[in-house]
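Everything on this sheet refers to the single structure shown next.
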Amino acid sequence: MRALKGAMMRNIPLMMTCQEFDSSMHDYVERSLPPGERRRFRLHITLCRECRTYLEDYEMTVLLGKAAFSEQEVLQPSSPPERVVRAILNARRG
Ligand SMILES: [Zn+2]
């Protein structure tokens, strides 16, 4: 099945291989892929389910990575977190 699909893809002009897809994926997600390459990339996603799934996983990883990063920024505010303030107030009261 996979071999059959590979043969089919070689017959489509401008079709990028899974290896090319793999090496362009980072640039695609970072939106730094040239328009022509981007078109070939999208064509590959349309025709190759494995790479589509792979890209979705990759994008999810990148998004989660960015979310984790912004969460870190939120967790380091300039003023002390409310629970710390409460703990100090409770200690004074005690
Ligand atoms: Zn592929």
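Bear in mind that the values in this text are calculations on the coordinates, not laboratory data. Just so it is clear, the structure is predicted and the values come from calculations on it, not from any experiment. A quick note on method: Cβ atoms are made from the backbone with ideal geometry, for glycine too, and the neighbour counts reach across all protein chains shown.
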Item to check | Net length gained if the chain between TYR58 and GLN19 were fully extended (0.36 nm per residue, minus Cα distance) | outcome: 12.5 nm
Item to check | SER32-ARG86 FRET efficiency (beta carbon distance; Förster radius 41 Å; 0.05 resolution) | outcome: 0.30
Checklist outcome for this item: Under the 7 Å Cα-to-Cβ spin-label approximation, ALA67 and ARG40 lie apart by a distance in nanometres of 3.3 nm
